Amino acid sequence: MSLLNTFSFELPTEIVFGVGACGNLTERLSQLKVGRILIVSDKGIDESGLLDGIRNQLTEKGLDHKTFDSVEANPKDYNVQQGAEIAADYKAECLVAVGGGSPIDCAKAMAVVAAHGGTVRDYEGRGKLTKEPIPLIAIPTTAGSGSEVTFSAVITDSREKFKFSIKDTQNAPRVALADPEMTMTMPPGLTAATGLDALTHAIEAFSCKVSNPISDAAALYAVELITTHLKTAVFDGHNLEARAGMLMGSILAAIAFSHSDVASVHCIAEALGGKYDTPHGACNAVVLPAVMAYNMSYCLENYARLATALGLAYDSVESGAQKAVQAVEKLAADVDLPDFNSFGVTENNFEELAQNSVNNGSNIDNPRPMAKEDYLNVLKTLGSRR
Ligand SMILES: [Fe+2]
């Protein structure tokens, strides 16, 4: 990467980070001068009691509020349409998304559709918004997607079983209230999967074709934080320092990829998630080492720098790069993530998965060009490890 290249860096989201950050909700709502609040979440979060403190804050300040908690994992187009109708009927002045990437992405898309009309697929791609979406405040309960600070929403087309993205700076939340205590209820499996999603964001942002010095700085520190804290967060979920380290790591990784890009790991993970509804982070964890191995010859120096961030010593750039790939594979194994075999992928779907991976908008930014045949080879390699 050359420091002579021109780039711009815009971060429209205010990040309030730390224990107790959620307590700033009503103050931020009053700064935005909004009164009718639609909380967007999922059934699991609602049943866990995590929304009680949010609702209490709103009630205490006399703010009118309502909850839409029907968002599914890998949020579907029909979740967005239903939520957007509810937001429009309720005349919501602000959405407060509480959850992992699914509720936050769904709320972003709801805010767009409620403001513009039409269907969510109308806004697929970059820069399609012509009006300001309903303002959004995001409160993450996982440390992975980083959706609370990104410009994009990833939605599943339920008929075509294909994930698509809406990308626009206006789609960024106005405020992210990032409170590590809100992530404490995450079970080990979800902590591991979302943590590997964040690690993948950092690695792909750092090694893809469109990185810049600021995204690189964020990505490398994200790798360091995630490597330091992931296992403790998974196996000792009440360790607040580890939870805070993972939450900051995921935010930095998201700042990195939203100002750079993700690449072929996400192309495959999104194809898998669209087809089989498999957890996004687990898909990334399985695919990451295989795509890093494919990219290796184009990324030796970058992967060696990743090895340093992963805390590894090495004798040469080549050995550092090899060690980085091995360490990533070991980390995924250490936190007990499922393997490719468990996703229910059948070989007769490889063609469709490879085609959807090539069609993904981030394919072009993978450091090594990757055609449909190359995706097929990676899928076959993953499939042969049954
Ligand atoms: Fe991701």
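Considering only Cα atoms, the convex hull volume of region 49-101 works out to 82 Å³ per residue.
When all alpha-carbon pairs of region 188-384 are counted, what percent fall beyond 28 Å? Value for region 188-384 (Cα pairs over 28 Å): 19 percent. Counting every other Cβ atom within 10 Å of each residue's Cβ, M370, M246 order from fewest to most as M370, M246. A full extension of the chain between E347 and L240 corresponds to an added length of 34.3 nm, given 0.36 nm per residue minus the alpha carbon distance. Placing pseudo-labels 7 Å out from each Cα toward the beta carbon at L312 and A293 gives an inter-label distance of 1.4 nm. Of all stretches in the chain that contain no GluC sites (Glu not before Pro) in a DSSP loop with at most 13 other Cβ atoms within 10 Å, the longest one is 161-386. For L58, L337, the sequence from fewest to most other C-beta atoms within 10 Å is L58, L337. Using C-alpha pairs under 8 Å with a sequence gap of at least 6, the mean separation divided by the residue count of region 152-220 gives a relative contact order of 18 percent. Principal axis extents of the C-alpha atoms in the chain (largest first, rounded to whole Å): 62, 45, 42. Full extension of the chain between D52 and R174 gives 41.7 nm of extra length, using 0.36 nm per residue less the Cα-Cα distance. Taking 30 Å as the cut-off for C-alpha to C-alpha distance, list the pairs among K33/K209; K43/K380; K108/K323; K163/K323; K33/K131 that go past it. Beyond 30 Å: K33/K209; K43/K380; K108/K323; K163/K323.
Evaluated at 37 °C with a viscosity of 0.692 mPa s, what Stokes-Einstein diffusion coefficient in µm²/s does region 245-311 have when Rh comes from the Kirkwood expression over alpha-carbon pairs? The Stokes-Einstein estimate is 247 µm²/s. The phi-based Karplus calculation (6.51 cos²θ - 1.76 cosθ + 1.60; θ = phi - 60°) puts the 3J(HN,Hα) values of region 135-149 at x, 10, 10, 10, 10, x, 10, 10, 10, x, 5, x, 4, 5, 10 Hz, whole numbers, x for Gly and Pro.
Can you grab the distance from the C-alpha centre of region 8-51 to the C-alpha centre of region 105-149, Å, no decimals? One Cα centre to the other: 15 Å. When the Cα atoms of region 14-183 are aligned to their principal axes, the ranges along those axes come out at 42, 29, 27 Å in descending order. Only Cα pairs under 8 Å and at least 6 apart count here; give the relative contact order of the chain as a rounded whole percent. Computed value for the chain: 15 percent relative contact order.
Every read-out reported here was derived from the displayed coordinates using simple, explicitly stated rules and does not represent laboratory data. On a predicted model such as this, the values are computed, not experimentally measured, just so you know. FYI the Cβ positions are ideal-geometry reconstructions off the backbone, even for glycines, and counts take in every protein chain you see.
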